[in-house]
1. Give segment 85-106 a look and list any residue that's farther than 19 Å from residue 319 by Cβ and surrounded by 14 or more Cβ atoms within 10 Å (Cβ to Cβ), or say none.
2. Would you check which residues across segment 249-267 are buried (at least 24 other Cβ atoms within 10 Å of the Cβ) and of a type outside the set (Lys, Arg) and list them?
3. Would you tally the residues in segment 74-86 being farther than 12 Å from residue 305 by Cα and touching a residue at least 40 places away in the same chain (Cβ under 8 Å)?
4. Out of curiosity, is residue 252 outside the structural domain of residue 396 (by TED's automatic domain parsing), part of a loop (DSSP other than H, G, I, E, B) and touching a Leu at 6+ places or on another chain (Cβ under 7 Å)?
5. State whether the residues of segment 177-195 include one that is of a type in the set (Lys, Arg) and either within 21 Å of residue 266 (Cβ to Cβ) or in the same structural domain as residue 357 (by TED's automatic domain parsing) (or both).
6. How about segment 297-332: which of its residues are within 17 Å of residue 109 (Cα to Cα) and of a type in the set (A, V, I, L, M, F, W, C)?
7. Within segment 332-345, is there a residue that is assigned by TED's automatic domain parsing to the domain that holds residue 24, touching a Gly at 6+ places or on another chain (Cβ under 8 Å) and under 26 Å from residue 153 (Cβ atoms)?
8. Return the residues of segment 324-371 that are in contact with a Lys or Arg (Cβ under 6 Å, 6 or more places away or on another chain) and over 25 Å from residue 258 (Cβ atoms); say none if nothing qualifies.
Amino acid sequence: MVKRLEQLLKRKDLSVPRGPFNTIHSFVERAEGAVMVDVEGKEYIDFAGAIGTLNAGHCPPKVVEALKDQLDKYIHPCFHVMMYEPYIELAEKLNEITPGNHHKKTFFLNSGAEAVENAVKIARKYTGKKGIISFERGFHGRTLLAMSLTSKVKPYKYGFGPFAPDTYKMPYPYYYRDGRTSDEMDEAILNQFENFFLGEVPSDEIAAILLEPVQGEGGFVIPSKKFVQGIRRICDQHNILLIADEVQTGFGRTGKMFAMEHFDVVPDLMTMSKSIAAGLPISAVTGRAEIMDTPAPGEIGGTYGGSPLGCVAALKVIEMLEEDGLIERANMIGEKVMGTFRKWEERFEFIGNVRGLGAMCALEVVKDRKTKEPDSDLTKKIISTCNENGVAVMGAGLYSNVIRILSPLVITDEQLEKGLNIMEEQLLKINPRVSF
């Protein structure tokens, strides 16, 4: 008898193009908290969290109950046809909890990429300028403008051009790979902006600078407070808006509600998605009211943007973050993971660097610690064998040599310990380069 998994894989190959990638070559049957079970009954401890979408975990009971209640009322009248209260309630909540005490407004879309594109639209409309600066290794989505602002050719951009015009890239500090002190590197990059404005594009043609407070797909690269505050000063000096892309870092992941809080910087606009609603497709743009009000009626929006189901789910997720101690839990998870990673860094010669902010943790795999040459092949092997042995984990980084941890914040101590132990077993099996 052909196993169900084999049947599903054959159906997938026949019906789905090869472009959408899969980390684990199996199919989920059910999931709860930080554990997934596939169609063959195999359990996986989830260290991927749907690429950072499930800070509140799989099927959180409060969210499930809210969704069932909403389904009995109405599913989707479309906000542009007839309004509904959950949209307003979630907008009010995000205006309240995002950084800054100024008057803010929020509207909703479907995905992180849509949020980024609309934040750029609003910035251009408000400033009357076209240019957008993003950063090397940054990731902002796969739609045309978001892809143009993204800085990794393969697999995101190769063969998909031409790209949107008036988009520019600047360096983003990567202290591990640069070799200079953080102060030296920050100063060099920040000074580079003046040369850019003189030699490439004048500042009066730049509408916004788009910044990930921690680079996600870029490898969990963490800047200094000095750097982020320096970008804020450049924006203020040149009448440029600062857009914070908190799609992956938001909603407790870094040990604060939003990562920008670590840097004591208030952006003009913020994009959010992923963990906003426990897996429901919804995204948001929040910003200064005078900026957000620039587009006229009908100039921003979308048929499914801010669906009632997404809104009620998001409200419950925020309630969990605030009332169930999940933000504090993120810091506890981060301490445990980083403590383990630092031991591995001492023990395994192929681990060149470990880094993290809250529960957003990663380790970087290299061929040689002195040269820091990336080892993407070994990284793939580690990820593959961890997945095979019941830990769902994913890679990242410009060189595809970073292993990242995005476990749900509801993960138990026992599950976290078990997952890390499985990973350590695979590290020992897969490569003998161990230093004691």
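The values are calculated or read from the model by the stated rules, or taken from the named source; none is laboratory data. Bear in mind the structure is a predicted one, so any value in this text is a computation, not a measurement. Here Cβ is always computed from backbone atoms with ideal geometry, including for glycine, and neighbour counts include all displayed protein chains.
1. 99, 100, 104, 105
2. Passing the criteria: 249, 250, 251, 252, 254, 259, 260, 267.
3. Of the residues in segment 74-86, 4 are farther than 12 Å from residue 305 by Cα and touching a residue at least 40 places away in the same chain (Cβ under 8 Å).
4. Taking the combined requirement at face value, the residue satisfies it.
5. No, segment 177-195 contains no residue that is of a type in the set (Lys, Arg) and either within 21 Å of residue 266 (Cβ to Cβ) or in the same structural domain as residue 357 (by TED's automatic domain parsing) (or both).
6. Matches in segment 297-332: 300, 309, 311, 312, 313, 314, 315.
7. Checking segment 332-345: not a single residue is assigned by TED's automatic domain parsing to the domain that holds residue 24, touching a Gly at 6+ places or on another chain (Cβ under 8 Å) and under 26 Å from residue 153 (Cβ atoms).
8. If the condition is that a residue be in contact with a Lys or Arg (Cβ under 6 Å, 6 or more places away or on another chain) and over 25 Å from residue 258 (Cβ atoms), then 349, 350, 352, 366 are the ones that fit.
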